[in-house]
């Protein structure tokens, strides 16, 4: 279950750059050919995020499809996994052009506001 | 939205555009430089549990006979059984227990290399945690990646674990002495391997029986030269 390690890396990288700001959204890019399962990341995110700068943040994941190049006929096609067959010539010999992305795109930060979350009331 | 009162004014998008594994990859690069400075060849051995990594290592240590010198980083979730086997084969070894972790990362290997202090012009084998999924993602700073699989595991393994087989420079097909007793078609295995990694070398051997081991030993010596 390397997705837990992946989220720990994400949290560490964000913590190193966020200071005290509260993170409300985390945007990741996890390519279909990256070897990381986006659903597993979603599943563990809240657990790993607990007690860190991204606790309570909403997770948004882009999952770009893979693009591969057929080494036999040079056709370019879309791939959902590393096990492929060229739709043009049937060859399995392929070179991955993209789809291995594993990036932190951005975070949404909300600096502390002057108004307290719950305004005090006198009876 | 503001984290304190819910007002909509304050939320700011901060672009990071950072690789998730940047920290591991930086450490791996540092390992690579550390190894290059000492002229040490590092080989990452990956496989499922029980494919014969440790047995192949014991055999390799014996066959190389100290030329070149070999040391080993043993990765397992728990126990030091494998490290004891390697030590008994007459080899320097450092055990890394990953606990709940399912793979070695570059930081763990950096610590192990410091402890191991491999001599110049030697070979360090890193026996990764037995797992055909997670170790494929983590660069350790090694020069070569070897995936070991065995004829008892089924010929469809490359298709089931394409990331691992795609990451290999060389695939070792172990336990070939058992071929008469199991339903494993080598040609089908090769076809499946070709589908995910036509560039990988393939060595068929029996680490216990010895058939084919000389090809593996020649490959390691060739890498070392």
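Per residue, chain A reaches -7500 deg cm²/dmol at 222 nm when only DSSP H runs of four or more residues are counted, each adding -39500 (n - 2.57).
Out of every Cα-Cα pair in chain B, what percent are more than 29 Å apart?
29
Between the beta carbons of residue A:85 and residue B:117, assuming R0 = 45 Å, the FRET efficiency works out to 0.40 to the nearest 0.05.
Looking at the protein assembly as shown alone, DSSP beta bridges between its own residues are antiparallel in about 40 percent of cases.
With runs of 4+ DSSP H residues as the only contributors, calculate the mean residue ellipticity of chain B at 222 nm using -39,500 (n - 2.57) per run, divided by the residue total and rounded to the nearest 500.
Working: 8 runs with 79 residues, N = 225.
My calculation for chain B gives -10500 deg cm²/dmol from helical runs alone.
Dividing the mean sequence gap of close Cα pairs (under 8 Å, 6+ apart) by how many residues segment B:9-224 holds gives a relative contact order of 25 percent. Relative to the longest principal axis of the Cα atoms of chain B, the long axis of helix B:186-196 lies at roughly 20 degrees. Mean separation of Cα pairs under 8 Å and 6 or more residues apart, divided by the residue count, gives segment B:20-93 a relative contact order of 25 percent. Which residue, B:183, B:82, B:26, has the most motion in a Gaussian network model of chain B that connects Cα atoms within less than 10 Å? Fluctuation is largest for B:183. Reported to the nearest whole Å, the Cα centre-to-centre distance from segment B:29-97 to segment A:51-77 is 34. Each DSSP beta bridge with both residues in chain A is either parallel or antiparallel, and the antiparallel ones are about 75%.
Classified by the C-alpha gyration tensor, the protein assembly as shown has a prolate form. Its axis ratio a/c, with a ≥ b ≥ c, is 1.5 or above, and a/b is larger than b/c.
Only the coordinates and a few stated rules stand behind these numbers; no lab work does. It should be emphasised that the depicted structure is a prediction, and the values quoted were computed from it without experimental measurement. Positions of Cβ are generated from backbone atoms using ideal geometry, with glycine treated the same way; all protein chains shown enter the neighbour counts.
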